[in-house]
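> Input: one structure, supplied below.
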Amino acid sequence: MDLDAYVFEDGAAQEGQKVDISRYWKALKKRWWVVAITAVVVAVPWVIYVKQEKPVYEATAAIRFTSYVGNDGTLMAARYQKISSRSFSERVVSELGLVLSIAQQEDPENQIFRKQVFAKFTSSSNPIPGRYILRFSGKGDFVLSRLAEESGKEMELRRGDVIAATLDTVTINGFSFQLASKTSSFPPEVVFNISGFRSAVKSLQNRIRVEMPDPTMMQVTLRDSDPYVVTQTVNSLASVVVQESQSTAEGNKAEQLKILEAQMDRAKADLEASNEKFKYALQRSTSGSDIAFQDKVSRRNTVDRELTDLKSYRESLKDLLGQLGALSSSPADPEDRQTLETRWLVFKTIANHKVFENNAIMALNRTRLESLEKEWDDVVTRVSASATRARELQGEIDKLHNRIEDLARTRLTTLERDITQKGAELSQLRASFEQLTGEKIELADLQRENQQKADIYAQALSAYQKARLEQASKIETIDILDPAIEPELPINSNKRAKAAGGGVFGFIFGIFIVIIWELSDRTIKTVNDIKSHLKLNVLGAIPQIGFDNVFDFQDQEKAKMIDQQLVTHDFSPTPISEAYRSLRTSIIYNKKVGRVQTLVLTSTAPGDGKSFTAANFSITLAQQKTSTLLVDTDLRRGVQHNTFGVPKEPGFSNFLCGQVLGSDIINETHIPNLWMISCGSLVPNPSELLGSLQMRRFLDEMRRKFDIIIFDTPPLNAATDAVVLGTQVDGVTIVVRAGKTHREVARQKLELFQNLEAKIIGVILNGTTVDLAHEGYSYYHY
């Protein structure tokens, strides 16, 4: 089959394919009722729900951790876990009595809020759930009853004086309450429910929303149907967070102080024991007054301490220079204050290092560095870090930093040399001690040990005193920055907008359903569908003329309907007749196809309008004074003889069987220049007859007599007659029905021509809309 001129490459077709907006617009106009029904189905229940929805109030409290510095994710997680824990929620539910819920009336204007009745309400961890009624007689007393679950009978629990209940707490069934002082606002009857303690705790946990925008701030948000309850609950939550955080911090400080105190006591005991041991050895020593010996001991201890200090200075200086190296690996950004200040802090630490305590040059650098940093900070505060003066100061600071770093590296080298010298001196002193008596050596060792114990005790005492000082001061200040205030309006107060939103959603959802419906529809509807999925040229589009169910009737009934709707025999300028004339032009004057004298019309399935199209197309050809022959080659179920009122027999099958001559089966119709051959008698082997030598003789004979010959063949899914005949004619045309022909089925049937010498010249789209079939439709209705 020669499809090269009509078939686009898959990649190119996909690349050039665009979304057909008009297709979906037509689908919406066709199925508008789906959109309307969906909008109503969605909107009506939604409006009812919104109308009956209880008001929801929201309150938020902000907690501030003032002196916290840094970004410790562990601490943030600990705070979040604390407020989300079950024990935390149990405490809040118990203190605020959140097991209580007041039953509301249907009229929203007569709502009863908790603060109107109760000044305070708390519960234990096991209140008795149920429905309770609190009645006020108006004579200064109240009656509290509980409704039995099964019978609904009221059981009186407590009777008392209203004034007394405003001053004292009433406790019963695991909950306690105190009435509000404004007794005039009491309704005659208050119905409330007590839920299970665990369910109340779970409800609170589900309604709490905790946000931590940064480690110094926590926001606690809650929603409830009572504005007073939601405000009190959020503020209570915030207060508990503050209390728990402060007690936890104080507990950590106390524990740390105990550990340091124990370390100090142990160091003190060790020092006292060392002092006693040293005194006893000194009393026993016969040479205790030997000044030379004491000098050597003192010198050795001094050198030992100096060597230890030098090594400590070297390690700390190495560490600081290593930090500088890590920070210098990435370029400094003047806008990044945190990185910049970290780098400057390292340089400031080096400049103030104890190893430079008596270094005059470093002292000058320190003074100059402090002055420059102060001026830079002032410029940045007033202007910005990108200001010209700020950049100049930063350049001077960088130069000063380089000098400090050079001094530090030079000092590190001298420290290595000093450590070597001190080590050699200590070795010489230790060697000289080997010549002394064992008694003197023991005394010297005890003296050195005693000095070490004294140093350890001094360090422990300093750490303990520092911890006590920190305990006396507040390391972290936690307070409620913004307490929750009672909301004036519920967050769902705008019910009209919410209801309208449901209607809009229903409308959009209906459109979505129609679009999905259209996308799931795999039938061919438009010219673009043919080009996209069948990769064939579209020769013409024929409008719908009420031909949907014609193929379900018997031949005679079908013939009556079709004959009434022959639209091209009277030259009337209707859109349908113009569509057939446009089809005639596309085929006759198609320069890609060339001259077509013999043409096969077929379809993928029955009911596509193949025979009707063949009849009307033949009429338009005859109206052009072209000698036209219409041959009904549907030898199984031909209908063209009914359409034009000619005898069915003898017909084409009789000629192929050799029973009659060709001239005997040609019938003149009532249309000038149009002749037709009916299908003839039923035969058992139509495909073999159409591929026979007799068929070739017929084509040769008819080509000499007629200008154009149209063959009406069976559908492709019923027989292969069109395929057999298509190899012997000039071209094959496929008729597809808009909204009926499945594109996958059409593609499969077209594969029958894949390896045959048949030329498919294009597709006729039948049963489409009038405006799509003929763009000049409005011309006929002006």
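> Of the heavy-atom accessible surface of segment 171-273 (probe 1.4 angstrom), what whole percent is carbon and sulfur?
Answer for segment 171-273 is 47 percent, counting heavy atoms of protein chains only.
> Excluding residue 626 itself, calculate the net charge of residues whose Cβ lies under 11 Å from the Cβ of residue 626, where each Lys or Arg counts +1 and each Asp or Glu counts -1.
With Lys, Arg at +1 and Asp, Glu at -1, the neighbours total +1.
> Among the lysines, which fall within straight-line cross-link reach of residue 82, defined as a Cα-Cα distance under 23 Å, with same-chain neighbours fewer than 8 residues apart omitted?
Cross-link targets: 202, 253, 474.
> For a 19 Å ceiling on Cα separation, which of these pairs sit above it: 54/498; 535/759; 525/592; 30/531; 54/495; 115/139?
Among 54/498; 535/759; 525/592; 30/531; 54/495; 115/139, the Cα-Cα distance tops 19 Å for 525/592; 30/531; 115/139.
> Whole-Hz ³J(HN,Hα) for each residue in segment 680-693, computed from phi via Karplus 6.51 cos²θ - 1.76 cosθ + 1.60 with θ = phi - 60°, x for glycine and proline: what do you get?
Once θ is set to phi - 60°, the couplings for segment 680-693 become x, 6, 5, 10, x, 9, x, 5, 5, 5, 5, x, 7, 5 Hz.
> What does the charge count around residue 118 come to, taking other residues whose C-beta lies under 13 Å from its C-beta (Lys +1, Arg +1, Asp -1, Glu -1)?
Computed value for this residue: +3.
> Continuing with the same structure: Efficiency by 1/(1 + (r/R0)^6): what FRET value for residue 276 and residue 492, r their Cβ-Cβ distance, R0 = 60 Å, to the nearest 0.05?
The calculated FRET efficiency here is 0.15.
> Across every pair of different alpha-carbon atoms, what Kirkwood hydrodynamic radius in Å does segment 669-780 reach?
That comes to 16.6 Å for segment 669-780.
> Non-local amide H neighbours of residue 217 (under 5 Å, H modeled in plane, Pro and chain starts lacking H): which ones?
65
> Using each residue's phi in segment 730-735, evaluate 6.51 cos²θ - 1.76 cosθ + 1.60 at θ = phi - 60° and report the 3J(HN,Hα) Karplus result to the nearest Hz, with x for Gly and Pro.
Here the 3J(HN,Hα) series is 6, x, 10, 10, 9, 9 Hz.
> Ok, one more. Starting from the amide H of residue 492, placed 1.01 Å from N in the peptide plane, find each other amide H under 5 Å away whose residue is 5 or more places distant or on another chain.
Hits under the 5 Å cutoff: 56.
> What ranking do 719-726, 197-204, 408-415 get when scored by the average of other Cβ atoms within 10 Å per residue, highest first?
719-726, 197-204, 408-415
> What is the Cα coordinate range of segment 128-179 on the first, second and third principal axes, sorted by size from largest, in whole angstrom?
Computed over the Cα atoms, the extents are 34, 24, 11 Å.
> May I pose another question? Which cross-chain or sequence-distant (5 or more) residues have an amide H under 5 Å from the amide H of residue 538, H modelled 1.01 Å from N in plane?
763
> For segment 165-219, what does the alpha-carbon gyration tensor say about shape, rounded, prolate or oblate, given a ≥ b ≥ c as the root eigenvalues, a/c under 1.5 as rounded, and a/b over b/c as prolate?
Taking the square roots of the gyration eigenvalues as a ≥ b ≥ c, segment 165-219 is prolate.
The values are calculated or read from the model by the stated rules, or taken from the named source; none is laboratory data. From a predicted model like this one, the values you see are computed outputs, not experimental measurements. Don't worry about glycine lacking a Cβ; one is built from the backbone with ideal geometry, like all the others, and counts go over all protein chains shown. Ligands, DNA and RNA are stripped out before the accessible areas are found, and what is left, the full protein with its side chains, is counted by its heavy atoms. Shrake-Rupley method; radii C 1.70, N 1.55, O 1.52, S 1.80 Å.
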